[in-house]
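The structure under discussion appears below in the form of structure tokens.
The values are calculated or read from the model by the stated rules, or taken from the named source; none is laboratory data. The shown structure was predicted, so the numbers you read here are calculated from the model rather than taken from an experiment. Cβ placement follows ideal geometry from the backbone for every residue including glycine, while neighbour counts extend to all protein chains displayed.
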Amino acid sequence: MSSFIEISNLKFSFSNLTKTLLDISDLKINQGEKIFLHGPSGCGKSTLLEIISGVLNFNHGEVMIDQISMSKLTPSEKDQFRSKNIGYIFQNFNLLPYLNIFENITLPLHLNGKIKNTENIQQDVKSICEKLGIADLLYQNVGQLSVGQQQRVAVARALISQPKLILADEPTSALDFDHRDKFLKLLFEICSEKKITLIFVSHDHSLKSKFDRSIEFNEINQVTP
Amino acid sequence: MIFLKLTLKSMRNRAFTTTLTIISIALSVALLLSVERTRRVARDGFTNAISQTDLIVGARTGPLNLILYTVFNMGNASNNISWKSYEELKKNQIIEWTIPYSLGDSHRGFRVIGTDENFYQHYQFRGDQKIEFQMGNPALGIWDVVVGSQVQRKLNYNLGDQVIVTHGVTKGEGIQKHDDKPFKITGILKPTGTAIDQTVYISLYGMEAIHMDWKNGQAPNKASIQQDKILKENLKIDQITAFFLRTKSRIQTLSLQRFVNEYSEEPLMAIIPGATLSEIWNSLGQIETVLQIISLMVLAIGLVSMLSSLLAGLNERRREMSILRSIGAGPMQIASLLVFESALLTILGLSAGLAFEFIAFYFLSGWLETTFGFYFTGSILTYTEVIYLIVIFISGILIGLIPAIKSARSALKDGLAIKL
């Protein structure tokens with residue numbers, strides 16, 4: 001069985017910089033794996049996530065996701081691929097303040113044209129939010145939520161299009177210790193249940209033990225900083 | 001659907017900026033339309049001071065002079081024409097009606113015109129507007145007088161009041177008054193926005209009667225005939241100043257004009273009022289050019305202020321665009337969202353501006369008519385104005401394209417790593 005993500009001989013540099021930022025000869029991640037990607041700030045972790053999600057184009061090598069070669073996709077195909085297969089959770093949640101929670105969660109469906117009949121959506125949102133414990137807040141304003149609640153809305157938004165991969169970029173850095181543990185537990189439960197592959201980027205070592213596998217970024221990246 | 005919802009919610013979220021943008025567009029539009037309308041009214045008010053009259057006939061003078069003293073109460077007639085010539089010309093088969101005018105006297109600064117029933121029946125201005133009475137009847141009897149609306153207002157006249165005509169056209173108090181023969185007001189005209197409002201009308205008989213025992217421009221010493229002894233039958237009108245005429249068919253106007261100009265009995269001149277008026281207006285064309293330049297400047301400034309407020313509003317939204325981009329919106333979706341928003345703002349601004357202008361003129365038109373003689377006629381929106389509005393709308397969309405293109409390019413770079 002081939003891996004869900006296969007990166008080989010990847011080289012990346014921003015076009016205006018001659019210095020190579022990423023040089024990853026081999027990285028394999030299996031479907032359903034929960035990966036902890038650790039590294040100091042500014043080492044290129046976020047850049048790697050952006051390459052995996054197709055936001056950045058790489059110069060050399062190959063990135064295969066679910067047996068699709070990212071280098072062969074056109075920009076608009078990448079946009080589509082991203083919105084259908086990848087859920088993203090941000091450090092700053094990035095919710096739209098003028099939409100209520102339900103609208104924020106369903107926005108990706110509207111944008112990628114995945115909209116089915118509205119009853120199904122109601123059902124989907126409800127079941128996801130029940131799991132996340134925000135089902136009774138659906139029609140509230142985002143501004144009225146606590147930080148923890150906002151983060152859960154962001155997770156619900158990442159899950160709504162039933163992605164195969166979730167990329168989480170320092171999602172816990174805004175949460176306090178208590179919330180962080182609860183949040184991780186919830187995220188793991190959902191990923192296990194839906195067989196979602198999770199790549200979790202953080203500089204916080206203490207979280208490492210909770211994951212299936214931990215990758216030290218500096219070990220896979222052959223560029224010396 | 002989602003576009004509309006996102007845009008509306010986002011706009012509501014930025015209600016203050018959005019309202020300011022709409023107001024700034026609306027004010028520009030309203031100002032532009034008002035200047036345009038003023039330009040139209042100024043021209044129409046001038047060229048429509050008289051209508052349906054094919055020729056104005058008077059003693060030989062300049063066309064400008066003839067039209068000024070007959071239609072605009074300005075300047076003086078150099079000579080009169082004989083009643084005999086008038087009667088002769090009137091007999092012509094192709095003439096539908098004539099209105100005789102006899103000038104030369106005034107009443108407390110307002111001009112007095114002697115005319116007959118034809119004036120009340122046929123005189124028209126601004127297309128098909130006719131003389132109408134606020135109250136009373138035409139001045140057909142010898143001592144009847146009808147006053148224009150401004151005369152009535154300024155002198156506070158009522159039906160039945162006495163009016164004393166002054167000899168000669170003077171401002172204020174005259175030297176020689178026909179105070180031996182007072183007139184009585186029988187009618188008050190409705191406002192017309194033309195010189196008619198500032199005119200006093202008597203009958204040709206009345207005009208003849210007050211001058212009947214004058215010799216060589218001298219008032220009679222005494223032994224003047226008593227007013228109540230003067231009868232219409234005894235009055236012989238022997239001259240008038242000018243007359244208006246309407247032909248049965250417009251085709252005959254030019255040949256009739258030539259006939260009058262070459263009339264052998266007396267030196268006469270006939271002018272076509274419409275042609276003369278537009279000639280005068282064109283020679284005063286700078287007024288219109290100035291207003292047109294003002295219109296264009298207002299349009300330019302309006303577009304620039306629209307550009308700045310739309311751009312400022314859209315810059316505010318860069319973060320929003322990045323979020324949308326990161327959760328799956330393509331560059332095209334983002335671009336159409338932005339263009340859609342500026343199109344919507346422009347349309348709202350345009351409609352608000354139109355509504356504002358219409359409502360303002362609707363409520364102010366009465367005041368503008370009575371105070372400045374500004375009459376609003378013709379279509380509500382002219383061709384030029386529609387063109388201006390289309391230009392504004394298209395500019396609004398083009399303005400939306402600027403940040404749309406910018407964000408489609410940069411959002412990818414900003415990408416997922418949005419910093420607060």
Inset, instruction - Give A:Phe102, A:Phe58 a once-over and let me know the one that is within 23 Å of A:Phe12 (Cβ to Cβ) and buried (at least 18 other Cβ atoms within 10 Å of the Cβ). - result: A:Phe58
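Each row is one residue, and each column tells you yes or no for (1) closer than 20 Å to A:Ile51 by Cα; (2) modelled with pLDDT of 85 or more.
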{"site": "A:Gln80", "(1), (2)": "yes, no"}
{"site": "A:Asn85", "(1), (2)": "yes, yes"}
{"site": "A:Ile105", "(1), (2)": "no, yes"}
{"site": "A:His110", "(1), (2)": "no, no"}
{"site": "A:Asn117", "(1), (2)": "no, no"}
{"site": "A:Leu132", "(1), (2)": "no, no"}
Inset, instruction - Residue by residue through the range B:225-266, note down the ones that are over 23 Å from B:Glu208 (Cα atoms), touching a residue at least 24 places away in the same chain (Cβ under 8 Å) and β-branched (Val, Ile, Thr). - result: B:Thr247, B:Thr253, B:Val260
Inset, instruction - Being out of contact with any Lys or Arg (no Cβ under 8 Å at 6 or more places or on another chain), in a helix (DSSP H, G or I) and not aliphatic (A, V, I, L, M) is the filter here, so list the residues in the range B:284-307 that pass it. - result: B:Gln286, B:Thr289, B:Gly302, B:Ser305
Legend entry - Which numbered condition A:Leu159 misses (of (1) modelled with pLDDT of 80 or more; (2) under 29 Å from B:Arg14 (Cβ atoms); (3) within 14 Å of another protein chain (Cβ to nearest Cβ)): (2)
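Evaluate the following for B:Leu310: is it over 30 Å from A:Ser83 (Cβ atoms), more than 14 Å from chain A (Cβ to nearest Cβ) and either in contact with a helix residue (DSSP H, G or I) (Cβ under 7 Å, 6 or more places away or on another chain) or part of a helix (DSSP H, G or I) (or both)? Working first, answer last.
Numbers: over 30 Å from A:Ser83 (Cβ atoms): no; more than 14 Å from chain A (Cβ to nearest Cβ): yes; either in contact with a helix residue (DSSP H, G or I) (Cβ under 7 Å, 6 or more places away or on another chain) or part of a helix (DSSP H, G or I) (or both): yes.
Criteria not met by B:Leu310.
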Inset, instruction - Scan the range A:66-75 and give yes if some residue there is at pLDDT below 85 and at positive phi, otherwise no. - result: no
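What number of residues within the range A:178-224 satisfy the criterion of being small (Gly, Ala, Ser), touching a residue at least 40 places away in the same chain (Cβ under 8 Å) and over 18 Å from A:Leu167 (Cα atoms)? Walk me through how you get there before you give the answer.
Step one: filter the range A:178-224 for residues small (Gly, Ala, Ser), giving A:192, A:202, A:206, A:209, A:214.
If we keep only those that are touching a residue at least 40 places away in the same chain (Cβ under 8 Å) as well, we get A:192, A:202, A:214.
From the residues that got through so far, the ones that are over 18 Å from A:Leu167 (Cα atoms) too are none.
Final tally of qualifying residues: 0.
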Inset, instruction - Being under 16 Å from B:Val298 (Cβ atoms) and basic (Lys, Arg) is the filter here, so list the residues in the range B:25-79 that pass it. - result: B:Arg37, B:Arg39, B:Arg40
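Return the residue satisfying two criteria in turn: it lies in the range A:53-66 and is in a strand (DSSP E or B) and either within 14 Å of another protein chain (Cβ to nearest Cβ) or under 21 Å from B:Ser326 (Cα atoms) (or both), and of such residues it is nearest to the chain's Cα centre (by Cα). Explain how you work it out, then say what you get.
Here is the first cut: in the range A:53-66, the residues in a strand (DSSP E or B) are A:60-65.
This time we only want the ones that are either within 14 Å of another protein chain (Cβ to nearest Cβ) or under 21 Å from B:Ser326 (Cα atoms) (or both), so: A:63-65.
Details: A:Val63: 16, A:Met64: 16, A:Ile65: 14 Å.
Once the filter is applied, the top-ranked residue is A:Ile65.
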Inset, instruction - Quick one: count up the residues across the range B:270-283 that are in contact (Cβ under 8 Å) with a residue 40 or more places away in the chain, within 13 Å of B:Thr47 (Cα to Cα) and of a type in the set (A, V, I, L, M). - result: 3
Legend entry - Listing of strands (runs of 3 or more DSSP E) fully contained in the range B:106-168 that carry 2 or more residues being crowded, with 18+ Cβ neighbours inside 10 Å: B:110-115, B:144-147
Inset, instruction - With the condition kept exactly as written, say whether any residue in the range B:17-32 is assigned to a loop (DSSP other than H, G, I, E, B) and touching a residue at least 24 places away in the same chain (Cβ under 8 Å). - result: no
Legend entry - Every residue from the range A:135-164 that is surrounded by fewer than 22 Cβ atoms within 10 Å (Cβ to Cβ) and not in a helix (DSSP H, G or I): A:Leu138, A:Tyr139, A:Gln140, A:Asn141, A:Leu145, A:Ser146, A:Ser161, A:Gln162, A:Pro163, A:Lys164
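Just the residues that are buried (at least 18 other Cβ atoms within 10 Å of the Cβ), more than 9 Å from chain B (Cβ to nearest Cβ) and within 21 Å of the chain's Cα centre (by Cα), please, taken from the range A:110-134. First the steps, then the outcome.
Filtering the range A:110-134 for residues buried (at least 18 other Cβ atoms within 10 Å of the Cβ) gives A:110-112, A:121, A:124-125, A:128-129, A:132, A:134.
Narrowing the set further to residues that are more than 9 Å from chain B (Cβ to nearest Cβ) leaves A:121, A:124-125, A:128-129, A:132, A:134.
Once the filter is applied, which keeps residues that are buried (at least 18 other Cβ atoms within 10 Å of the Cβ), more than 9 Å from chain B (Cβ to nearest Cβ) and within 21 Å of the chain's Cα centre (by Cα), the range A:110-134 yields A:Asp124, A:Val125, A:Ile128, A:Cys129, A:Leu132, A:Ile134.
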Legend entry - Condition check for A:Leu27: away from chain B (no Cβ under 13 Å), over 14 Å from the mean Cα position of the chain (by Cα), buried (at least 18 other Cβ atoms within 10 Å of the Cβ) and touching a residue at least 40 places away in the same chain (Cβ under 8 Å): yes
